[in-house]
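Only one structure is covered here, and it is reproduced in the block below.
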Amino acid sequence: MCGIVGAVAQRDVSEILVEGLRRLEYRGYDSAGIAVVNEANELTRIRRLGKVQELADAVAAQQFSGGTGIAHTRWATHGEPSEINAHPHMSGDIAIVHNGIIENHEELRELLKQRGYVFESQTDTEVIAHLMHWEMKSSSSLREAFQRTTKQLDGAYGTVVLDRNDPSRIIVARSGSPIVIGLGIGENFLASDQLALLSVTRRFIYLEEGDVAEITRRDVEIFDLSGQKVEREEHESNAEHDAGDKGKYRHFMQKEIFEQPTALINTMEGRISADSVVTNAIGVHAQEILNKVEHVQIIACGTSYNSGMAARYWFESLAGVSCDVEIASEFRYRKFVTRPNSLLITLSQSGETADTLAALRLAKEKGYMAAMTVCNVAGSSLVRESDFAFMTRAGTEIGVASTKAFTTQLAALLMLVTALGKEKKVIDAVKEAEIVQALHQLPAQIEAALEYDKEIEQLAADFADKNHTLFLGRGEYYPIAMEAALKLKEISYIHAEAYAAGELKHGPLALIDADMPVVVVAPNNELLEKLKSNVEEVRARGGLLYVFADADAGFVSDENMKIITLPHVHEITAPIFYTVPMQLLSYHVALIKGTDVDQPRNLAKAVTVE
């Protein structure tokens with residue numbers, strides 16, 4: 001959600017800034033812009049509605065150049081997508097880019113109008129630009145004016161400012177939205193994601209909440225919330241060089257679906273032996289903490305929420321520990337009771353999800369025994385602010401619709417459940433070995449699931465003229481149906497809902513007709529006969545069924561029911577396995593619909609605002 005890139009250098013930085021924006025396109029945006037100061041201290045700005053390529057073409061056409069600059073991709077919050085609302089925003093000699101939401105922007109806008117400022121846009125960000133311009137009149141430095149400005153802001157602001165009269169520096173603040181500083185030789189950079197800067201540096205500093213940094217070509221000075229100068233640790237990135245390259249694949253989403261066998265191997269590496277889970281590999285002090293756990297509270301959003309819902313079944317059935325799962329945006333705004341010896345687990349691909357991060361901070365004040373995160377991005381806010389982190393190691397995920405992050409989260413959570421059950425003496429050595437062996441088999445089984453790609457591609461044609469789809473599952477496959485419905489609606493724009501199959505007769509049967517495809521997740525488990533009864537309820541009402549079934553489940557295709565026969569896999573890891581055909585179905589339906597698979601409309605990869 002929104003991307004920021006900035007640079008201070010002796011060389012021209014315009015191409016670096018545009019390339020940084022290209023690498024952040026996965027975050028979701030509707031417009032892009034850039035502002036640079038050239039050798040003559042002239043501040044030039046270009047903004048364009050649409051893709052970064054539109055901006056790149058404009059920059060090339062105008063022979064745009066300068067040694068200090070900022071750039072931004074915007075995802076509309078205040079004001080419609082338009083060039084006038086695109087960042088950077090300017091006020092006099094000041095240029096601003098901003099991620100987040102200023103909650104008191106209306107009051108500040110009225111105050112600034114009284115001071116004679118004229119607003120060109122509908123954005124909350126323009127308020128920051130005019131405030132900066134006002135504060136510069138009575139401040140001795142850009143940083144002083146910036147700190148005085150941010151004290152007047154309520155809300156979230158990952159904000160960067162430059163002044164045409166002092167192009168030797170840029171100032172950046174982190175409040176609610178992540179900011180990383182890239183360290184060069186005789187030049188320095190900043191961005192909202194290190195991926196934007198991997199072409200120019202692999203040395204990074206992550207700003208903490210409330211930090212303000214002053215960046216010049218040779219120095220980076222960081223000040224905490226109280227204004228005290230502080231040192232932040234430098235990190236060397238080992239992120240993939242080719243993360244932004246689709247390679248032989250048509251879309252990042254397709255690439256990431258097919259990367260899942262390797263991603264799962266990376267998730268499990270060093271965490272499991274031949275027949276056991278290495279508890280201490282899960283996190284520092286993990287063994288000591290897990291011994292005391294009597295309850296688990298999972299907090300997450302979107303796809304991560306669905307993985308938490310699936311893991312709840314494992315926590316209770318395998319480890320014998322009660323588990324609640326809640327959407328972060330709901331959890332943080334209700335009065336809740338903290339159970340004794342409760343472990344808080346946050347789930348997030350990016351580690352920067354605003355609602356999940358806010359919920360973590362709230363929960364830490366409410367007496368949770370410990371806070372753990374299952375996350376894919378090292379150095380992210382959730383990782384830094386949790387007591388310990390279980391990294392999924394999925395690799396960079398570009399597609400907005402999460403795929404490999406979901407399956408690696410499930411694998412990580414299953415290892416965590418096994419370790420918890422072992423420490424609680426609920427899972428014995430025989431059961432532990434059974435789970436671990438199932439995990440070892442999983443990457444090859446996912447490879448087998450991917451071989452159904454062509455068959456599922458043909459099946460997807462049946463959805464070309466459909467506007468609604470229902471997904472059904474029972475037990476731990478209900479969350480898998482939820483995830484399947486989410487994927488379909490995200491990238492194909494087909495309205496899709498998931499139901500626990502036993503709920504059909506409590507309302508959804510009213511929707512069943514030949515125009516409502518019903519997709520069923522049907523493993524061969526103890527609930528199979530119950531599920532078959534639910535399938536018959538749909539058939540009796542003329543519904544069109546697509547059943548992804550275990551080879552031993554006993555389903556037979558007919559004119560109203562198509563069976564996709566899948567190989568039998570261990571019941572413990574089967575929910576992860578059945579996820580992959582659902583991802584392929586959504587992908588191929590989206591291709592037929594002609595939607596933007598990697599960057600679906602109105603959505604963002606990293607949701608860093610409420």
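The values are calculated or read from the model by the stated rules, or taken from the named source; none is laboratory data. The shown structure was predicted, so the numbers you read here are calculated from the model rather than taken from an experiment. Methodologically, a virtual Cβ is constructed for each residue, glycine included, from the backbone with ideal geometry; neighbour enumeration extends over all protein chains shown.
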Subject >> Positions within the stretch 274-294 being in contact with a helix residue (DSSP H, G or I) (Cβ under 7 Å, 6 or more places away or on another chain), touching a residue at least 12 places away in the same chain (Cβ under 8 Å) and not small (Gly, Ala, Ser), in sequence order >> reply: Asp275, Val277, Thr279, Ile282, Gln287, Leu290, Asn291, Val293
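Results for (1) closer than 29 Å to Glu19 by Cβ; (2) among the acidic types (Asp, Glu), shown as yes or no for each residue.
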site	(1), (2)
His87	yes, no
Ala95	yes, no
Glu106	no, yes
Phe119	no, no
**OP:** Say whether the condition of being buried (at least 19 other Cβ atoms within 10 Å of the Cβ) and at pLDDT 85 or above is met by at least one residue in the stretch 533-545.
**Re:** yes
Subject >> Pairs, first at negative phi and assigned by the TED database to the domain that holds Gly69 in the stretch 184-195, second assigned to a helix (DSSP H, G or I) and basic (Lys, Arg), C-beta under 7 Å, six or more apart >> reply: Leu195/Arg23
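Filter the stretch 316-348 for residues that are part of a loop (DSSP other than H, G, I, E, B), without any contact (Cβ under 8 Å) to a residue 60 or more places away in the chain and either out of contact with any Lys or Arg (no Cβ under 7 Å at 6 or more places or on another chain) or under 21 Å from Lys489 (Cα atoms) (or both) and give the result.
Matches in the stretch 316-348: Arg332, Tyr333, Arg334, Lys335, Phe336, Val337, Arg339, Pro340.
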Original post:
Is it true that Glu19 is farther than 23 Å from Ile215 by Cβ, acidic (Asp, Glu), surrounded by fewer than 24 Cβ atoms within 10 Å (Cβ to Cβ) and out of contact with any Gly (no Cβ under 9 Å at 6 or more places or on another chain)?
Top reply: no
Original post:
outside the structural domain of Val180 (by the TED database), within 22 Å of Ala310 (Cα to Cα) and acidic (Asp, Glu), is that true of Glu455?
Top reply: no
Original post:
Where in the stretch 494-610 are the strands (runs of 3 or more DSSP E), entirely inside, with at least 3 residues that are out of contact with any Leu (no Cβ under 7 Å at 6 or more places or on another chain)?
Top reply: 495-500, 544-550, 561-566
Original post:
Within the stretch 361-384, which residues are touching a residue at least 60 places away in the same chain (Cβ under 8 Å), surrounded by fewer than 23 Cβ atoms within 10 Å (Cβ to Cβ), assigned to a helix (DSSP H, G or I) and not hydrophobic (A, V, I, L, M, F, W, C)?
Top reply: Arg384
**OP:** Determine which single condition Ala56 fails, assuming it passes every other condition in (1) of a type in the set (Gly, Ala, Ser); (2) touching a strand residue (DSSP E or B) at 6+ places or on another chain (Cβ under 7 Å); (3) within 18 Å of Arg23 (Cα to Cα).
**Re:** (2)
Subject >> Filter result for Thr150 (at pLDDT below 95 and either crowded, with 23+ Cβ neighbours inside 10 Å or not assigned by the TED database to the domain that holds Leu108 (or both)) >> reply: no
Original post:
Only one of Arg148, Arg143 is in contact (Cβ under 8 Å) with a residue 60 or more places away in the chain and touching an Asp or Glu at 6+ places or on another chain (Cβ under 9 Å); which?
Top reply: Arg143
